[in-house]
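Read through the structure below, which is laid out as C-alpha cells, and then see the notes.
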Amino acid sequence: MPVPSLLDNLYRTRSRRVLATLIRLLGDFELAEESMQEAFAAALQQWPAQGIPDNPTAWLISTGRHKGIDQIRRRQTANQHMQQQIELGEIPAHAFDDSSVDDDQLRLIFTCCHPSLAIETRLALTLREMCGLTTEQVARGLLQQPATVAQRIVRAKRKIRDAAIPYEVPEGKALAERLHSVLRVVYLVFNEGYSSSEGQAVTNVSLADEAIRLGRLLSSLLPQAEVYGLLALMLLQDSRRAARQCPDGDLITLEQQDRSLWDRRKIQEGLHCLDTAMQLPHPRLYSVQAAIAAEHARAASAGETDWHEIVELYDVLIRLDPSPVIALNRAVAVAMRDGPEVGLTLLAQLANAPELRNYYLYHAARADLCRRAGHTNTAREAYQQAITLTRQEPERRLLQRRLSSLQG
Amino acid sequence: MKYVALVYLQESLINAMSEQEWHDLNQQCVGCVEKLTSQGKYLAGEALQPTTDATTIRVRDGETVVSDGPFAETKEQLAGFYLLDARDLNEALQLASHIPPAHLGSVEVRPVRELPPKDS
C-alpha cells in the first residue's frame, strides 16, 4: 500500500488512540492535537524514504510526543503547571503497547464525559475527541451552529485544564456512577443520529454509526453488563434503520414495517451482546431495554410479538427507574396485551405527571389507543395536541396521516 | 491544587431546625473539619452568619454605596466555605461530598485562581 493511503487508513483507525496517549503524555488537549497532526505530517514525509516502521502507532505516538516537547520548549513562558507534569526524558517503547493505549482511550472518554461538563459539551467533546469528527461535522450532527460547538469545545478544554479534571478512569464506587455518565452520552449520540430532534431527516446515519462504534470500543475496554446492554440496545434499534422510513421520508411504525428489511447481522450481534450482558453482574436499565428490543427483533411479524414477555420486562424496568416516561411505554405494552381500554386507564393515571404534559408521545399514544377503542372525538383532540407538541417534521406528518384517516 | 468549596443552604431550613438538630449539624461540621485536617486536605474555612447579617458595598465613581443583605437573592444562601488542597477535581469533589450540608443544600467546588505576581 502506498504511504499516503496507508496513512489515511491509519488516521481513520488509529488517530484517536494516538491522540488519547498524547494527551496523557503531554497533559494538554490542544497541544496533543497539534502534535498528532505534526506526527502524521512527518510520517508522510519520512516513511516513503525510510520505510514504514514495524509499529506505526508507536512511531506516531513517539514522534508526536517529541513534537509536543519541542513545542513546550519553544514556549519559554509555558506555564508552570505543565512543566511540572511532563517528563521530558525518554520513555521506553513498551509505554506505547496496546494495553496502555487502551487505558488511554478509556481515560479520554471518561474525561470527555466528566459530569462537571454540561451534557451538550460532553456530547460535542466526545464526538470531536473520541470519534474524531470535525467541528463542522459535530455541529451538523447536533443541529447546532459550528461557532457554538467550537466555543463549547474551547471552554471545555479550558475547564479541563483550569479545574484540573484528571485524565483517569475512576475506580471503585465512583466507576459505576461515572460509567453511567459515559453511557448516557453514547446513547444520546445514538439518539441524535436516530431521530434528530428537529428538522426533516429522521436518521442521521453517521451519528448512529459513531455511537455503535463507541459502544463496541467500550465493550472491549470495559466489559461490564450495562456496556454490553447499551451496545445491544443500539444494534437492535439500528437494525430497523432501513425499514423505519419511506423513500419520501415518511415514518413507518414498528407495527407496519417490512421486517425483511431489518438488518439480520445487526440483530444477531445485538442478541449476542444481550446474552453477554445478562451473564455479567448487575444488568440494569440498558440491558432490560435491549431485552425489550430483542422481543421485537425475534417476532417474525407484528402479530407474533410476545406482549406478555414485554410487559414483564417493563415491570422490571419500572422497578429500576420509576419514571413517567417508562410508565407510558409500559401502558402502551399493556394495551397491546390487554386491549386499548386497559391502556387508557393506565394513561389516565399518568395525566398529571409534569414530564408528560408537554410530551408529544404521551398524547400520540393516548390518541392511538382512543382510535383503537373507537373514541373518535377524543382521538382527534389528542392527535391535534400531539401535532402541536412535536418538533420533528416526519413525526408531525405521521400524526397528521393518522388524524386524516379519522376524519376520512 | 487549591479548591474552594462554597456551601449553600436554604436558611429557612436552618431556621426550621430544632436546637438538637442544629447542634448535631454543627458537630458534624466540626468532625468534618477534623477529618479533613488529619488527611492534610484542609487549608482554611469558616461558617458564616446568616444573610440577614450581610451588608453589601459597591464603590461607584469614588463613592461607596452600602446596602443591606446579600448581592443576589438566591434560593440557597452561602453558609460557609472550605479551602481544600486536592490532587485534582475528582479528589476535590470526593472531599466535598463529605461536607455535611451537602446532604441539605449544595456545595459548589471552584478551583482557586492564582493572581499574577506583582508588577515590578
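Summary of computed values
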{"read-out": "Entries of A:159/B:2; A:159/B:118; A:173/A:266 with Cα pairs more than 23 Å apart", "value": "A:159/B:118; A:173/A:266"}
{"read-out": "R0 of 56 Å, Cβ-Cβ distance residue A:173-residue B:66: FRET efficiency to nearest 0.05", "value": "0.70"}
{"read-out": "Convex hull volume of the range A:296-361 per residue (C-alpha atoms, cubic angstrom)", "value": "93 Å³"}
{"read-out": "Proportion of all alpha-carbon pairs of chain A beyond 42 Å (%)", "value": "23 percent"}
{"read-out": "Filtered trypsin sites (Lys or Arg not before Pro), the range A:1-79: DSSP coil and at most 12 other beta carbons within 10 Å", "value": "A:75"}
{"read-out": "Residues A:266, B:2 arranged by fewest to most Cβ contacts within 10 Å", "value": "B:2, A:266"}
{"read-out": "Between helix A:205-221 and chain A: long-axis angle, C-alpha atoms, 0 to 90°, nearest 10", "value": "70 degrees"}
{"read-out": "Charge dipole (the protein assembly as shown, unit charges on Cβ, about Cα centre) - positive-most of B:89, A:245, A:267", "value": "A:245"}
{"read-out": "Label-point separation, residue A:280 to residue B:74 (7 Å along Cα→Cβ), nm", "value": "3.9 nm"}
{"read-out": "Selection of trypsin sites (Lys or Arg not before Pro), the range A:341-402, meeting DSSP coil and at most 13 other Cβ within 10 Å", "value": "A:391"}
{"read-out": "Label-point separation in nm, residue A:151 to residue B:17, each point 7 Å along Cα→Cβ", "value": "4.1 nm"}
{"read-out": "Ascending count of other beta-carbon atoms within 10 Å, so fewest first, for B:73, A:312, A:129", "value": "B:73, A:312, A:129"}
{"read-out": "Pair residue B:59, residue A:337: separation of 7 Å Cα→Cβ label points (nm)", "value": "7.2 nm"}
{"read-out": "Cα gyration tensor shape for the range A:3-87, rounded if a/c is under 1.5, else prolate or oblate", "value": "prolate"}
{"read-out": "Loop-located chymotrypsin sites (Phe, Trp or Tyr not before Pro) in the range B:36-101 whose Cβ has at most 13 other Cβ within 10 Å (DSSP)", "value": "B:71"}
{"read-out": "Extension gain (nm, one decimal) between residue A:259 and residue A:318, 0.36 nm per residue minus Cα-Cα", "value": "18.4 nm"}
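Bear in mind that the values in this text are calculations on the coordinates, not laboratory data. None of these values were measured; they are calculated from a predicted model. Neighbour counts run over all protein chains shown; Cβ positions are idealised from the backbone, glycine included.
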